[in-house]
Each structure stands twice: as C-alpha cells, then as structure tokens.
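The values are calculated or read from the model by the stated rules, or taken from the named source; none is laboratory data. Quick caveat, the model's predicted, so the values are computed rather than measured. Counting neighbours? That spans all protein chains shown, and the Cβs are built from the backbone with ideal geometry, glycine included. We work out accessible area using only protein heavy atoms, side chains counted, and drop any ligands, DNA or RNA first. Shrake-Rupley method; radii C 1.70, N 1.55, O 1.52, S 1.80 Å.
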Amino acid sequence: MPRLSLVIPAYKVQGYVAECLDSVLGQDFTDFEVIAVDDCSPDGSGAILDDYAERDTRVHVMHLTENVGLGRARNAGLEKAQGDYVLFLDSDDTLSDGALKAIADRLDATGDPEILTFDYVRTYWDGRVRPNQRADLLSTDGPDVFSLADRPQLLELLQIVWNKAYRRDFVTRHGLTFPPGYYEDAPWTFCSLISAERMAVLDRVCVLYRQRREGGNILKTVSRKHFDVFDQYRRVFDFVDAHPELDRWREPLFRKMVDHYLTILDRPDRLPSNARAEFFHKASADYRARLPKDFKRPGGGRGHKYGMLERDAYATLASATTAVKLRKAVKTRTRTAINKSKRSAMGVFYQSQLRLPLDENLALFSAYWSRSVSCNPAAIDAELARLAPHIRRVWAVRPDAVAQVPKGVEYVRVGSREYWAALARAKYLVNNVNFADAVVKREGQVHLQTHHGTPLKTMGLDQRKYPASTDMDFAKLLERCDRWDFSLSSNRFSTAVWERVYPCSYVSLETGYPRNDILVNATSDDVRRARAALGLTDGTRAFLYMPTHREYQPGFKPSLDLARLADELGPGVTLLVRGHYFYGSSPHVAELRRSGRIVDVSGHARVEELYLAADALITDYSSAMFDYAVLDRPIIIYAPDWDIYSAVRGTYFNLLEEPPGVVATSQAALIGLLGSGEYSGSEAAGLRAAFRQRFCEFDDGRAAERVVRRVFLGEQTPLPFVPFAERPHAPTPAQALELVERA
C-alpha cells in the first residue's frame, strides 16, 4: 500500500500532461502511485498517459468510455486509489520540487491528520508567478493539529481540492464524492473541512497552478452552465441538514454561498446577458430560503449587494452595472483611438483596404518569410487548385526572390500596394511562419499556420529556458500566433508541443504534412527525374547532407571535412549538400564539384525532390530527419556536438538515445558506418521503424486533401488515415532503376 495516491484526470491537455507527470515522477519521495484518468479525451492525452504507464509501474491509467467531467473522473480514480492519503492534481498543473516529501514529512510530524492543506502559486506563460493571496492562513503558528472550529478562517481559502491531502479512510467514512457539474469542488471542499476533526497545514508551495493563456478554465466561459452552482450549494446544505452536529457552520457557509453567487454575477465572462436576471432571482430565492437568524450583512459595497439579493432588487443591480459598463466603454474607446493611431503607421492604403469587403475566393500564400514558393503552403496551393479551382491563389514574394517564382504562379511583391491589398482582403492567409506584426486579423479571415517541421529543438515559449538561443520578444510572438485559426501537425508529438509553446485559441489539425504527400505517392519516374535533374547517373549512391543552423555560432562552421569524406567514400558516391556556401576555394574541392561528387543543392527550390533523389540522409539535428523518415530510407545522425547543442538550444528528447538510425559522433566513425554498410543494416532499420511509428503517424499521402477539405471547403468529417502498415512510399533509387531494367 503506497503512502500517497495522486488522482490526475486528463481531458484535452496533450500539451501539458507530460510536464505534469514529469513533475510527479521526478519527485525525490517515491512511495506513491498515480491514478491517471483519461476522461475520453479527444486528443492525444490518453496515449501520453499510456506511454508513461509503460515506462513507470507507479502509473496506472483508466480510460473512460465517455466524457463524464472533472468531478466524476476524479471519482473513478478515487475508487482505484490504494494509498493512505489521496491527492488530486489537475493535469495542466505541476508539483514543485520536493513537494511530496514535504507533504509526507508533515503528515508524519502531525500524526496522520484527516486533511493537510498546503500552499500553491499561480504561474503565467510569461514567467510571472503570483503567490496565493491568502497564504497567511497557512501559518504554522499555534497547534500542529486542530479542527476547523479552531481556525475557521481556512474557509476563506479558494474552494479547491488540489491543495490538500485527504486521509483515504476519512474520505470513505464520510462518503465523500464529487458531484457532476461546473462547481464540483465546492461541496467536496466545504463538506470535508467541516467534517474533519484533525487538520494540519503545510506552509510550503507544493502546486504550481497554471494560468493558461488560451483559456483552459471552463469556469471562465460564458454559459448557462453556471446555473449549476445552485445545485452544488443545495448539496452543501443537504449535507449540513443530514448532520445536525454541523449546524454551527450554516452562517459561514451561507456567506460563502452568497459571495460565490455575487462573484458569478460580477464577472462579465460567466453568464449570457439574457440569463443574468434569471440567475439573480434564483440567487435571491436561495438567499432568503437559507438566511440565518440574526444574520448581519458585511459592510461597504459588498453588504449593499447582499441587501439587493435579500430584496430581490435586480433593477437596482442592473442600473449599477450599467454605470460600470459606461466607464469601461469610455476606456475602451480611448484604447481604440490609440490603436487606430498606431495602425496609421501601416499606411493609409492598407487601412483603406481593410475597410473593403473580404474577397471570399482569394487565398494569399507565403513560405519562409516570403523567400520561396515551397513547403506545406505550396502543396496546399496545388491541392486547392484541384479541389477548389474557383479560389484564386496568390503568393507573397520578396522582391529579391521574384526570379525564383515558378512559371504560372501568380504573385505580389512584398511591400507593394498589391501585397497590402491582398493581405487586407484575402479570405485565407496561409503561411509556414508568421505574417508580419503589422498584419491585422480581420473578422472572417482564416489564418492557416502550416509550420515547417517536427520540433527536436525547443520552440516558442520553451525557448525562454535557453536565452542563448534567442532574443525573441515572446509577447509579440504570441500576438502573432493569436491570429491563427488552424495549426497543422504531422504527429501527436508535434501537436502537444505546439499547443503548449503557442498557447492561443486555434484548432489543431492532425492531418500530416502536405509537403510530404509526394514522399508517399511518388512513382519510379518521379524518382528518376529527380536524380536526373541533379546529374546523378544510374548506380551512383547519393547521400544528402543537411546540417542544421546553430544560433549560438556567429557564422556557419561545417563540422564535416567534405573533401575528405568524398575521398574516403570513393568515386561511386555523390554528396548532395544543402546548407550554406562553405566549401572554400581549394583546387581539390573545386575538382570534386566539377566531377559531380559534391553537388551544392542549397538553392534547390523543393527539398522533397532532393529526398526522392537521395539513397540516404546524413543530418545532425535538422527536422529533415522527420520528413525523410516517411521514405523509410536510411538516416545517419552525425552529432559531434550534441552536448553543446542540447544545452544551448534545448531539445525535446535525447536524439542519441532515440535516433532514426545509426549515430556517429566523429567523422572517422561516420566514414566507418558509411563504408561498412552498417547504416542500412537490420539494427538501423529497427531504429528507423520505431522512429517512423512515432513521428510519421499522419503522413499517409492525403494531408493536403485533408487540409483543403477542412479549411477551404468547410467539411467537418476528416478523411480516414490509411493504416500505417498498409501505406506505400516512393520507391528507392535502386528500386526505380530495377523497374526500368525490367521494362
């Protein structure tokens, strides 16, 4: 029997639940179990829980067959708990370091009280930490063990369950369970506190309460479901009615009830406007029905509101609320005027275009800061032409990149009047990075963020932990991301990362990457054409070398001696190098380039064609490995500086321990692997298979079609995925040659 049981329900938290579990499983106190409850979550939360359970026997996962809500999901976990004490942790929150040891030590020191209350802080996306405003109530002054009668001020703490440890036999004895509904914490919290005879406190922050920027708190949503609060307080007072010995708590609980009702009425983000009067009248009825004898209202404005409830004087409250709204409206108009002044910097022409109607049949595309017509946007463009030819497709292109625009592609030069007109009036804006800060998101516009890779290195808000890798203004970053309506993903791993590091209110589309469709659907002819375009002769082995950028280096410094590598591999091998122009001017390197044994493909417009042409990929930490894996061809990781790169930039997993193939940390080792053929052996194939299962799960060749049907055609039912084992992929160069020879 473990000392502690932690019940962790999970619903639509795939971006946060791993961090939550890591904070628990990494504790120095180990005598605990985790009951993780997948509340029929529609995202990848359940799969993440299963992954943790496979790696740690302390994690037990329950998968509910229907979504039952937070309270009943906690009940399901509570039934399975075996620990002396039960703790509840929300799956987007985390434990502080050493929290469980501090809790266990305090339980021991206070002789196993029925309830132990500990502290928490609120944490924000921008790094701010706000202490619990009533942390003073957790002072250890006075007796270590007490009842609520000794410290009634504990009722003033927020009515939450995850800042306490409950002795399990106490919970069972009093039949405590969570009711369904929005405010399920209120009955549990109040009924447990007034029932406990032995309580203790721990004046230490144990929980980091995440304040999700995109709004993860269902209580902060406009809905009639807030009427649920009346049922919850009915349950509280029914409990008191059933236990006459608890009658002394009626007045304090009455105050908590009234304050809660008034809080809901005061908040503009809770009740629909047409439901406020109804809510007030129900609150007034509860007030009068449960008003204690000789009750004294609080003073000040709060007491005035108590009086309005007692008299059922909604008109008085409404007029007071109108005055407050008027003051806020004046402030809003002032802010609007300031914002208009700022927008004038964008140019009078752009402002004039913003006042014109949207063109419902115009889509503006951009890729890599408008440097090329490529990547996911280009694949979506092509599929849009097939499925929705009535939509005009225009690309934003920098003036210095116009010469590289493919023939037949309509484009506008970035900065031109045509560019600003398209930005202002296009119904659809598609990009694999963000549009400029000056772009205004209009009502009715659809912003599609396609991304341009699976993240190995830290991205977005996670980069705050690695300041040497960026000087980004994160507030500005999130303002840009706020414009997104859709975010594409090629695997659940990416979805979880994007939702955490870009915490905005977009819809994640797990479609696969459109640019990778060709890697699934390409034919032998496509492979041969790609090789012929690069001058690769039949029988030549081609290794594509794609190193990544290192932000902490002032310039690009190759970690491979390409000339030596070409010599060691011999004349039957060609190196395709996609990177910076770094070969130098030595006669030997020049001769290698003239002979075709080193081919600079840095300027090649479509990297997917390079993938088709190459027999194998050599890379370090580039996201190219995730795309190339779709082809199921050998991948070689050359990582001579992993320790430096991972420490400075930060990574989401240890590539040396979970690689897509063989790993070399020196050039000599790399040459040995390539020369021996080990890079394409059975062990490498096994590593690649596991990598593909994890990171290529949605790439089945129909990603672009899924995106077009969902975003542009409005279809809600997604295309089913081709089962992983049944998916084809483009033939290898050897297979393409064999087909020709057979013909």
### Query
About its Cα centre, what dipole magnitude does the chain give when the only charges are +1 on Lys and Arg Cβ and -1 on Asp and Glu Cβ, stated in debye to the nearest 20?
3780 debye
## Note on the structure
Everything considered on the Cα gyration tensor (a ≥ b ≥ c; rounded for a/c under 1.5, else prolate if a/b is larger than b/c, else oblate), region 131-239 must be described as oblate
### Task
Check each of the chymotrypsin sites (Phe, Trp or Tyr not before Pro) in region 453-558 and keep only those in coil by DSSP with at most 14 other C-beta atoms within 10 angstrom; list them in order.
Tyr552, Phe556
### Summary
In whole Hz, the Karplus estimates of ³J(HN,Hα) for region 688-697 (6.51, -1.76, 1.60; θ = phi - 60°; x where Gly or Pro) are 5, 4, 5, 5, 5, 4, 7, 10, 10, 5
### Task
Take region 44-134, compute every pairwise Cα distance, and split them into 5 Å bins from 0; I just need the percent in each bin.
2, 9, 16, 20, 20, 18, 12, 3, 0
### Query
So which GluC sites (Glu not before Pro) in region 1-98 pass both tests, a DSSP loop state and at most 14 other Cβ atoms within 10 Å of the Cβ?
Glu66
### Query
Pairs Lys164/Lys305; Lys407/Lys457; Lys12/Lys225: which are spaced more than 25 Å apart, C-alpha to C-alpha?
Lys164/Lys305; Lys407/Lys457
### Task
Could you point to the residue in Trp484, Val439, Ala533 farthest towards the positive end of region 401-557's charge dipole, with +1 and -1 charges on the Cβ of Lys/Arg and Asp/Glu respectively?
Ala533
### Message
Explain nothing, just the number: relative contact order of region 607-703, from Cα pairs under 8 Å at least 6 residues apart, as a whole percent.
### Response
29 percent
## Note on the structure
Tilt, helix 276-290 to longest principal axis of the chain (alpha-carbon atoms), in degrees rounded to tens, equals 40 degrees
### Summary
Yeah, region 139-183 with a ≥ b ≥ c from its alpha-carbon gyration tensor (a/c under 1.5 is rounded, else prolate when a/b outruns b/c, oblate otherwise) is oblate
### Query
Of Leu87, Phe626, Asn376, which is farthest along the charge dipole of the chain in the positive direction, counting Lys and Arg as +1 and Asp and Glu as -1 at C-beta?
Asn376
## Note on the structure
For region 251-306 the translational diffusion coefficient, Stokes-Einstein from a Kirkwood Rh over Cα pairs at 10 °C and viscosity 1.306 mPa s, in µm²/s, is roughly 133 µm²/s
## Note on the structure
On the formula 1/(1 + (r/R0)^6), with r taken between the Cβ atoms of Ala313 and Thr717 and R0 of 56 Å, the FRET efficiency rounded to 0.05 is 0.65
#### Entry: Spin-label pair Arg386/Asp525, simplified geometry with 7 Å Cα→Cβ offset, distance in nm
1.5 nm
### Query
How would you classify region 183-323 from its alpha-carbon gyration tensor, with a ≥ b ≥ c the square roots of the eigenvalues: rounded for a/c under 1.5, else prolate if a/b is greater than b/c, otherwise oblate?
oblate
## Note on the structure
Note to self: C-alpha centroids of region 591-635 and region 121-187 sit apart, in Å, by 57 Å
### Summary
For region 131-265, the dipole about the Cα centre with charges only on Cβ (Lys and Arg +1, Asp and Glu -1), to the nearest 20 debye, works out at 540 debye
#### Entry: Using alpha-carbon coordinates, inclination of helix 228-242 to the longest axis of the chain, degrees
40 degrees
#### Entry: Additional length obtainable on full extension of the chain from Arg173 to Asp400, 0.36 nm per residue less Cα span
74.2 nm
### Summary
Taking protein heavy atoms only, a 1.4 Å probe, and rounding to whole percent, the accessible area of region 139-213 owed to carbon and sulfur comes out at 46 percent
### Task
State in Å² the accessible area per residue of the chain; use a 1.4 Å probe, count heavy atoms of protein chains only, and round to the nearest integer.
44 Å²
### Message
Let me spell out the model: positive unit charges on the Cβ of Lys and Arg, negative unit charges on the Cβ of Asp and Glu, origin at the Cα centre of region 1-96. What dipole size does that give, in debye rounded to 20?
### Response
260 debye
